[in-house]
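Trainee: Below is one structure. I have some questions about it.
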Amino acid sequence: MLNSPRFFLRPMEPADLEQVLAIQAQAYPPELHESAQVFSGKLRQFPGSNWVAQGDEGLLAYLFAQPALYLHPPSLNDPGTPVTGADALHLHDMAVAPAARGLGLARSLVRDCLEWGRRQGLHWATLIAVGDSPAFWAGQGFAPGNPVTPLACYGPKACYMHRSLLG
Ligand SMILES: CC(C)(COP(=O)(O)OP(=O)(O)OC[C@H]1O[C@@H](n2cnc3c(N)ncnc32)[C@H](O)[C@@H]1OP(=O)(O)O)[C@@H](O)C(=O)NCCC(=O)NCCS
């Protein structure tokens, strides 16, 4: 655990990807890892909806999100395919470095991300919870839903979750 909770949030930049990949490697099993090319594609296609938490000595966390269609989440390894008529902000991937957990970084990233989605006029926030994260997402106001698109690529425990951005 880090001694100091000092961090600030800022938009992700291409130069961040090396550290983002390092956090991904610490946060997920190999079968869920996405490549530098996939992350670069998302950043290029959706430059305004990806954030990092910057600490004194490097990045502590990241969040990739992208406009999407409600109940149609993008697949794993999707390199940032734009959709027409997006009505949802899909929180594709958020991870906090193990040493920085419990400091409120994830809560802060989600708050700013949802606010961005509201400003875009999007109706829904959606995500696919993996591992033991459904309880975390429930704490952020998300509930399980039934997507049209299959989730198999995210593993057997993957859970589609959603919440309204209205009101
Ligand atoms: C899940 C994860 C993002 C949480 O990050 P974090 O920075 O430690 O979370 P925060 O400190 O912002 O916690 C915010 C709240 O969620 C709670 N929380 C954190 N992790 C939780 C979990 N696994 N289950 C339930 N609640 C959790 C905290 O207790 C806190 O509650 P509070 O607001 O009542 O105090 C982090 O553990 C992680 O990166 N895990 C691996 C990657 C992952 O699973 N990402 C999500 C994939 S869909």
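The values are calculated or read from the model by the stated rules, or taken from the named source; none is laboratory data. If you're wondering where the values come from, they're calculated on a predicted model, not measured in any experiment. Cβ: placed from backbone, ideal geometry, glycine included. Neighbour counts: every protein chain shown. Side chains included, ligands, DNA and RNA excluded: accessible areas come from the protein's heavy atoms. Shrake-Rupley method; radii C 1.70, N 1.55, O 1.52, S 1.80 Å.
Trainee: Give the residue that is least open to solvent (accessible area, probe 1.4 Å), with candidates limited to residues of the range 25-43 that are in a helix (DSSP H, G or I) and touching a helix residue (DSSP H, G or I) at 6+ places or on another chain (Cβ under 8 Å).
Mentor: Here is the first cut: in the range 25-43, the ones in a helix (DSSP H, G or I) are 25-27, 30-32, 36-43.
In the following step, the residues that additionally are touching a helix residue (DSSP H, G or I) at 6+ places or on another chain (Cβ under 8 Å) were identified as 26-27, 32, 36, 39-40, 43.
Details: Q26: 115, A27: 32, L32: 27, A36: 39, F39: 0, S40: 40, L43: 15 Å².
Checked the range 25-43; the qualifying residue least open to solvent (accessible area, probe 1.4 Å) is F39.
Trainee: Identify the residue in the range 80-126 that is more than 26 Å from N146 (Cβ to Cβ) and part of a loop (DSSP other than H, G, I, E, B) and, among all such residues, is farthest from the ligand (Cβ to nearest atom).
Mentor: Here the answer is A97.
Trainee: How many residues are within 11 Å of the ligand (Cβ to nearest atom) and open to solvent by less than 30 Å² (accessible area, probe 1.4 Å) when one looks only at the range 131-147?
Mentor: So the answer is 3.
Trainee: Check the range 2-9 and report whether any residue there is open to solvent by less than 20 Å² (accessible area, probe 1.4 Å) and modelled with pLDDT of 95 or more.
Mentor: No, the range 2-9 contains no residue that is open to solvent by less than 20 Å² (accessible area, probe 1.4 Å) and modelled with pLDDT of 95 or more.
Trainee: Could you count how many residues in the range 101-113 are of a type outside the set (K, R) and surrounded by fewer than 20 Cβ atoms within 10 Å (Cβ to Cβ)?
Mentor: Matching residues across the range 101-113 total 4.
Trainee: Just the residues that are in contact with a Lys or Arg (Cβ under 8 Å, 6 or more places away or on another chain) and among the polar types (S, T, N, Q), please, taken from the range 127-167.
Mentor: Answer for the range 127-167, where residues must be in contact with a Lys or Arg (Cβ under 8 Å, 6 or more places away or on another chain) and among the polar types (S, T, N, Q): just Q140.
Trainee: For the range 50-59, give me each residue that is within 16 Å of the ligand (Cβ to nearest atom) and open to solvent by 20 Å² or more (accessible area, probe 1.4 Å).
Mentor: W51, Q54
Trainee: Then there's this: How about the range 148-167: which of its residues are among the polar types (S, T, N, Q) and surrounded by 13 or more Cβ atoms within 10 Å (Cβ to Cβ)?
Mentor: Selection gives T149 alone.
Trainee: In this structure, is F64 of a type outside the set (K, R), open to solvent by 30 Å² or more (accessible area, probe 1.4 Å), touching a strand residue (DSSP E or B) at 6+ places or on another chain (Cβ under 9 Å) and assigned to a strand (DSSP E or B)? Write out each step before concluding.
Mentor: On the way: of a type outside the set (K, R): yes; open to solvent by 30 Å² or more (accessible area, probe 1.4 Å): no; touching a strand residue (DSSP E or B) at 6+ places or on another chain (Cβ under 9 Å): yes; assigned to a strand (DSSP E or B): yes.
No, not satisfied.
Trainee: Here's something else I'd like to know. Which of the residues belonging to the range 60-79 are out of contact with any Asp or Glu (no Cβ under 8 Å at 6 or more places or on another chain) and more than 16 Å from the ligand (Cβ to nearest atom)?
Mentor: P67, L71, H72, P79
Trainee: Here's something else I'd like to know. Is it fair to say Q66 is at pLDDT 95 or above, more than 29 Å from L103 (Cα to Cα) and among the polar types (S, T, N, Q)?
Mentor: Here the answer is no, as Q66 does not meet what is asked.
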